[in-house]
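Only one structure is covered here, and it is reproduced in the block below.
The values are calculated or read from the model by the stated rules, or taken from the named source; none is laboratory data. The shown structure was predicted, so the numbers you read here are calculated from the model rather than taken from an experiment. Here the Cβ positions follow ideal geometry from the backbone for every residue, glycine too, while neighbour counts run over all protein chains shown.
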Amino acid sequence: MDRIAIIGGARLTGEIPISGAKNSAIKLMAASLLTDEPLRLTNMPRLADTRFLGRLLQRLGTEVIERDGPDGAETLLTTREVVSGFAPYDLVRQMRASFNVLGPLLARSGQAKVSLPGGCTIGARPVDLHLKALEALGARIDLHEGYVYAQAPRGLKGGQIEFPFVSVGATEHALLAAVLAEGQTVMTNAACEPEITDLAECLNKMGAKVAGAGTSTIRIEGVRRLTGATHAVLPDRIETGTYAMAAAMAGGEVRLTRTRSDFLTTLIDKLVEAGVEVVPHNDGLTVRRDPSRRLKAVELETDPYPGFATDLQAQFMALMTLAEGESVIRETIFENRFMHVPELARLGAEIAVQGGEARVRGVETLEGAQVMATDLRASVSLVIAGLAARGETVVNRVYHLDRGFERLEEKLSACGAQIRRIKGEPEPQVEE
Ligand code: EPZ
């Protein structure tokens, strides 16, 4: 298993180009099941998760070609025919988002058998809303031995989908099915994340009729067939926010390019409140901090978009470990998303957790230590802490990081961070 070693204390100065968003790319890839024509996705991140989904799609009948295009990495996906509607436990367990092939398989071929994903390190994460949405579209759903058997022999029918609370995955899943359902579908209390808008834009390029994506009510007029299209994956707002916090933690000046600051207004407000200088520009944002001045403690709560993203919570907590005063961080999306707390404590952080609330009492210094990555965003919070810790921090189980951060060591070391990968045994099969 690879590890990442960081010698803390170096300021970061330079430019970091942001990759395409993982959480958009994997849903866009699933959209290729909806048409027999090629879907060309540009600005593709090359990550463990996109490779993994590519392998699952190949089993279902998709031809997946990864290549370098004029604007960087791209993937061409063509599903001339769905050869299997079966997604086995081993594949869905390893990457929950694989579950989202169920809707498109059902919409395209009227049946599918997909494993239930099970829990993961950040919480129970049920899929009841996904299944209710598909039932609202006329699917017959049966559960046996850990599998979802879904059928719609005469095709899906448009319907009313009222989500009791916001779910990104269920909104995307319903979209991926409703575009080929007969008649109109109206979704209320839909998630508004930029990745939903990105998926809707791509589906519309493929001939779908989706209106209102990015708001809480989405209307879809079903069409008989979709065509191929070319679509650029939107920039990764979580990667952007993560490097913004890395720069804030280490001090210095970093320009984040090929991205958008308007996706991150809540984070930017919190960074400014903490004493970080953030300057948005056309192509992204610049983050500046004078490391001789301490950050200030800030209070925050995670919420669905446009609230503070749960995927940035661990990184912000790392930042607050060195802030002056006590910051209060409430996690409202997942019940178990404080796995980074005991690891940050190994570096000297003082954090008390009660239920969904963490109180971080800022300390003057952190000290490097061996730490363990538990999930993707928790792992990168340890890297951020390591950038400012005295001495060497070694992050173990780096395979979590490789799921969602492209060339992390390269991007940070280009700005002056002392960070390197220590190669180890091949990675295990992971679940998240
Ligand atoms: C997506 O997960 C992201 N994953 C997560 O990022 C992100 O943290 C999350 O949205 C929230 O922004 C991908 O896009 C692949 P939800 P998702 O459905 O869709 C509960 C990362 O690190 N729920 O919005 O699974 C659920 O348990 C990952 O990149 C139900 O109860 O999140 C959670 O408490 C981690 N029943 C809440 O809703 C359901 O049927 C919100 O989850 C569905 C969800």
Of all strands (runs of 3 or more DSSP E) completely enclosed by region 231-291, which ones contain at least 2 residues that are modelled with pLDDT of 95 or more and surrounded by 17 or more Cβ atoms within 10 Å (Cβ to Cβ)? 252-257, 284-289
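Per-residue answers, yes or no, for (1) buried (at least 19 other Cβ atoms within 10 Å of the Cβ); (2) away from the ligand (no atom under 11 Å from the Cβ); (3) under 21 Å from G214 (Cα atoms):
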{"site": "K157", "(1), (2), (3)": "no, yes, no"}
{"site": "L180", "(1), (2), (3)": "yes, yes, yes"}
{"site": "A191", "(1), (2), (3)": "yes, no, yes"}
{"site": "E195", "(1), (2), (3)": "yes, no, yes"}
{"site": "L199", "(1), (2), (3)": "yes, no, yes"}
When V186 is run through (1) closer than 25 Å to K113 by Cα; (2) in contact with a Lys or Arg (Cβ under 6 Å, 6 or more places away or on another chain); (3) more than 15 Å from the ligand (Cβ to nearest atom), the failure sits at (1)
Which one of the conditions (1) touching a residue at least 40 places away in the same chain (Cβ under 8 Å); (2) under 25 Å from G416 (Cα atoms); (3) surrounded by 15 or more Cβ atoms within 10 Å (Cβ to Cβ) does A373 fail to meet, given that it meets all the rest? (1)
Residues of region 111-152 being touching a strand residue (DSSP E or B) at 6+ places or on another chain (Cβ under 8 Å), surrounded by fewer than 13 Cβ atoms within 10 Å (Cβ to Cβ) and aliphatic (A, V, I, L, M), which ones? L143
Look at E81 and say whether it is at pLDDT 95 or above, within 15 Å of A229 (Cα to Cα) and not aliphatic (A, V, I, L, M). no
Looking for whichever is under 16 Å from L28 (Cα atoms) and in the same structural domain as A107 (by TED's automatic domain parsing) here; the options are N204, N189. Which one fits? N204
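Consider E221 carefully, then state whether it is more than 24 Å from D269 (Cβ to Cβ), within 24 Å of the chain's Cα centre (by Cα), away from the ligand (no atom under 12 Å from the Cβ) and not assigned by TED's automatic domain parsing to the domain that holds M317.
Values: more than 24 Å from D269 (Cβ to Cβ): yes; within 24 Å of the chain's Cα centre (by Cα): no; away from the ligand (no atom under 12 Å from the Cβ): yes; not assigned by TED's automatic domain parsing to the domain that holds M317: yes.
Judged against the criteria, E221 is not a match.
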Just need a number here: residues in region 16-74 that are touching a helix residue (DSSP H, G or I) at 6+ places or on another chain (Cβ under 7 Å) and among the basic types (K, R). 2
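Give the number of residues within region 81-101 that are within 12 Å of the ligand (Cβ to nearest atom) and not in a loop (DSSP other than H, G, I, E, B). Before the answer, list the steps.
Of region 81-101, the ones within 12 Å of the ligand (Cβ to nearest atom) are 95-100.
Keeping just the survivors that are not in a loop (DSSP other than H, G, I, E, B) gives 96-100.
Summing the residues that are within 12 Å of the ligand (Cβ to nearest atom) and not in a loop (DSSP other than H, G, I, E, B) in region 81-101 gives 5.
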